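The values are calculated or read from the model by the stated rules, or taken from the named source; none is laboratory data. Note that the coordinates shown come from a computational prediction; the quantities given were computed from them, not determined experimentally. So basically every Cβ, Gly included, is an ideal-geometry build from the backbone, and we count neighbours across all protein chains shown. For accessibility, only protein heavy atoms count, side chains too; no ligands or nucleic acids. Shrake-Rupley method; radii C 1.70, N 1.55, O 1.52, S 1.80 Å.
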Amino acid sequence: MKLEKFKEKLKSYSKEDIIFTNHAKLQAILRDVYLEDVKNDVINPFRLVYIQKQDAKFKGEEKYDCYFAYSKHACNQYALTINGKVIIVTIIKINRDWQRAIG
């Protein structure tokens, strides 16, 4: 899926449609990322710069690695699943030249 099309898809969800796994909640605490900020990134994805589709386990499910850039050296990576809701599976905070990771 193209990045712009995916951004439009994310915009169709509301904050109430976003669910965090226990793992994602723990990772947010450990990495000093606020869950409200993650929700805002998802429903207003202007910082989304790169997506990579992953293999889904179940029919009707889509999985993506998403990179949200804050600067050249700060980025959050969210692994998410879409199946009617947006499920945030994990949160990774990247504080280095993240562009090499997606290059």
With runs of 4+ DSSP H residues as the only contributors, calculate the mean residue ellipticity of the chain at 222 nm using -39,500 (n - 2.57) per run, divided by the residue total and rounded to the nearest 500.
-8000 deg cm²/dmol
Average accessible area per residue (Å²) across the chain - probe 1.4 Å, nucleic acids and ligands excluded:
61 Å²
For the chain, the Cα convex hull volume per residue in Å³ comes to 97 Å³
Taking θ = phi - 60°, what integer Hz values does the Karplus form 6.51 cos²θ - 1.76 cosθ + 1.60 yield along region 68-79, in sequence order, with x for Gly and Pro?
10, 8, 10, 6, 5, 10, 10, 8, 10, 10, 10, 8
What is the magnitude of the charge dipole of the chain about its Cα centre, with +1 placed on the Cβ of each Lys and Arg, -1 on the Cβ of each Asp and Glu, and no other charges, expressed in debye to the nearest 20?
200 debye
Given pairs 7/57; 11/39; 59/85; 2/53 and cut-off 18 Å on Cα-Cα distance, the over-length ones are 7/57
Residues with beta-carbon under 14 Å from that of residue 81, excluding residue 81: net charge, scoring Lys, Arg +1 and Asp, Glu -1?
+1
Interchain or sequence-distant (5+) residues whose placed amide H lies within less than 5 Å of the amide H of residue 94 are 75, 76, 77
If ligands, DNA and RNA are left out, what is the accessible area of residue 90 with a 1.4 Å probe, given in Å² to the nearest 10?
20 Å²
Select from region 11-61 those trypsin sites (Lys or Arg not before Pro) which occupy a DSSP coil region and have at most 10 other Cβ atoms within 10 Å, ordered by residue number.
57, 59
